1. Report the extension gain between residue 398 and residue 652 in nm, rounded to one decimal, defined as 0.36 nm multiplied by the number of residues separating them, less their alpha carbon distance.
2. Note down the nm distance, to one decimal, between modelled labels 7 Å out along Cα→Cβ at residue 58 and at residue 1006.
3. Over segment 2-184, what is the mean sequence separation of C-alpha contacts under 8 Å (at least six apart), divided by residue count, expressed as relative contact order in percent?
4. From a point 7 Å beyond the Cα of residue 807 in the direction of its Cβ, which residues of segment 713-753 have a backbone N at a distance under 14 Å?
5. As a test of the definition: which semi-axes, in Å, follow for segment 757-911 when you take the square root of five times each eigenvalue of its alpha carbon gyration tensor? Largest first, please.
6. Using 0.36 nm per residue, how much length does the chain from residue 618 to residue 691 gain when fully extended, once their Cα-Cα distance is taken away?
7. If you bin the C-alpha pair distances of segment 262-341 every 10 Å from 0, what whole percents do you get?
8. May I ask you to compute the full-extension gain from residue 282 to residue 982, defined as 0.36 nm times their residue separation minus their alpha-carbon distance, rounded to one decimal in nm?
């Protein structure tokens, strides 16, 4: 037996070192560790934490080892540890479970708090071999030598984790600390309930909803299944669930499955049908996905039924050998069996008066005609099952109706002398585009009642305005084909896209229908609407025009005034006419992005108007003869696939191929598009089709964060066994420390630990398929909280990462009466907002060896929020007094609630008169906010600050608790609350590293090569400092002391001086352009901003470097004003020289020279040169000599300096 013993002293406190010890895997110094996971974790009666972990390691054999001594180079190691938080002691014993006959290694480690707040590590190891054959001592000696050689790597690995914790100031759940995991498992005491610990961890809410094209597009080939592939595809339409889509040609229709992409059915019309009824023009699905209506050129409607046959399989995979089956596993969403689908021809309907647009509904078919200009509907030709075969003939007349376009039938039309060119219908609403280029948002009321509220509707009783669709007074409707006295029908609508028609067009309002040149009389208005997409989640409508522009506008208010539209612009597009008219557009199902297809390209915009990706300009960088990605040149139609991870597009046919019009573009998106949780923001969490990406820059040193070349993204692939049957991912969550990941797809859930590198799945597939996550998932330390739906009942379940996933291991269930809309976690408070408009507050309470939810109260928001499903974000802010001294169970009564409702950022402040229930004053801070978050604790100025991104800039409201409620008035205009700080950005932000003063974001990049036939998409990381923006706010408000306190928090950063230089540069430029630039004070006699800024900079040692650095980056015309405030450059030079800042003094020499204040004898240069010689700064000496040569071409100044400093050691009578 060999024995080893060693001690080592860490300079960090025990809580940090102990925390790092348990997080030491993985690290760069432990590449031999393959996996690590927890087997069990329990508490002793004395309060110690006992943990058993299983670790998989790999090694190598020495050359002298006999062959076959061990069968594999991997070994399982068991680690048993005990943490005593009271005694500040960690005991750990590790033993190998494999190869114990060859060599058994037993290692004992203790971590104990030492004096001066340091930590002592003591390590003992025993090496015992029972191999025999004369090799026992040699094996033990080899094991001891290897252990000694790698001992320093083990310490370096722990030191690395300690430094990361210290540098990034994470300090989450430090063992034995105030927010310890150990403490969180102990029952609450009275003192703990009153005085809750505050952590430095920033709390964020509702982060950027970002989409980026990634990788390369794939092209769908229809050649093998279809009998005729020479036809040009003219239309693309998905069903309402986006699981199937159809492609239309002039003669046939094909049915495709989205995932996996394959043709399931094909139906070609006969030549007789084409001759009698005309070619296909468009195809539309019925809402139930069971029927398709095809519109033809001769004003006929061809009706098709979609029939499913689960007993048949259209595709069968060839038999594979058992050894080969693992190489042909189903991909995401491909495990579900193919359903056999057939298309059945049901009949043809002739429409009189030239049909213009068709829109199938559940019980009828709605269409518009040209002559007469009208909207009509007819029932489906098949009786419903409710009517039965013996129903009277009147049942067929139920849905025969005609509405003539005139001022009596549709009085809300701006101009009734029009036709309806395009009808677009979805479950979110219906839009019409009329022949005059206007667009309307409409709704058919089939009984007496009010129109459903808009998603952004809020109650006026709560202090905010009521926002609803604008409608004119009600008019009675007279049906022309039939009349049902029990039903009152009425179309209501409002214009969402209006245009000004020239007078010469107005004079010629009517064009005869029999005019053969009627189309030539049409007025070519660039703003004529071509397509409309309504975003009900953000109460927004997007309109694509004939001229190629895309306009955003809010749905009109109750006053009926159409808001001024926002025109979107493609970056770096110099020729605006290049796009051509807009052909198609669609919002993603979550409402965060809009995909637009033009005649000559495509683009994707965020809901706030930020262009995320575009295709224009690629034609200059590719070889047209080889290039195959035709979607980069123009789009006919498009739609988002389920989960919004893919964009399916239809392009124009190319000359090189007849089977290349369908493409699928993969996208990465922010996880918070579906899951608004604080933990998803801190690490910039992205989702892809089959993996998640976690931003690790928060854990890296400062320079790695701002280096764009640093690879700071961790890619975690989701298990194929889960994703194959449960694609797409609907929710994902990241723990506060970024080490635990959870995802939830169509059914069930799964979670992952970056420490062990392992996923945990349900071993029982029936249990996994029995529930679906609805409302979100969040991590509380190692506890996963999930809102689920099980057999039409609603629960909140708690799962532990340390336990296997099963129904038996659910550590807590909370039954709810209605589905969850959104979950949010703030400290140890769980906020649950449900579909019945109720906010529940739960306290997460550890008891004994488990955790439960303690219900603290609930508030109903009826009369405040009219549509609960419109709530996109939820959080709250607690007053400081309540945080420090209040009972957390009473937080709900005093908390200021933050919500995003339909894109509006709303604060609800409690108002509780005596003996009266809590009421809320509502303050709408801003509209069309894409995401927001709150920094609750930590950095003084930023505490309780509210950050929101509106598509162009980040708007910051400092101390949101102090925002005054707006007075209630009769005005319909909603005025935003002016933010404290506005931070414009040229990229899309994903997260804010509060501890580093940096905003993290990404930009899309399209890579093309002349030699490649396709394009590659990728995203690059960008950063922006926000420190100088906050500082300037304080300085503009004469808050110099607050600015100094704020800056001191960031003084340790390597780029702190750079941030201050940016601050000074901006102030100098603005001061030069101000009307009082020549005065040292403002007109009101107060000190100017520039003087205040200089006073602030004087508090820091870097001030002299900052001033001269800024001076060298601005125009020289700004120098007199700058140094008039800062002071004489000569005095600053003397200060630098006397304090030994020689390089800074050299910079001031340049300023003196350019201001012509440098002494003729160059004595200042000589004095600086002497100082550089004394400290042997030879590079500075070289630069000073060059400077002397440049200012005096005769060389006299240079010779004099060399002589006075005796730099060359030349005699007096020798001229250099």
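Values quoted throughout were computed directly from the atomic coordinates according to the rules given, and no laboratory measurement underlies them. Only a predicted model underlies this, so the values are computations on that prediction, with no experimental measurement involved. A quick note on method: Cβ atoms are made from the backbone with ideal geometry, for glycine too, and the neighbour counts reach across all protein chains shown.
1. Working: separation 254, 0.36 × 254 = 91.44 nm, distance 4.18 nm.
Taking residue 398 through residue 652 to full extension adds about 87.3 nm, to one decimal.
2. Spacing of the two 7 Å Cα→Cβ label points: 4.1 nm.
3. Value for segment 2-184: 27 percent.
4. 748
5. Values: eigenvalues 159, 76, 32 Å².
Gyration-tensor ellipsoid for segment 757-911: 28, 20, 13 Å.
6. 23.4 nm
7. 14, 32, 26, 16, 10, 2
8. On the way: separation 700, 0.36 × 700 = 252.00 nm, distance 4.73 nm.
That pair, residue 282 and residue 982, stretches by 247.3 nm at full extension.
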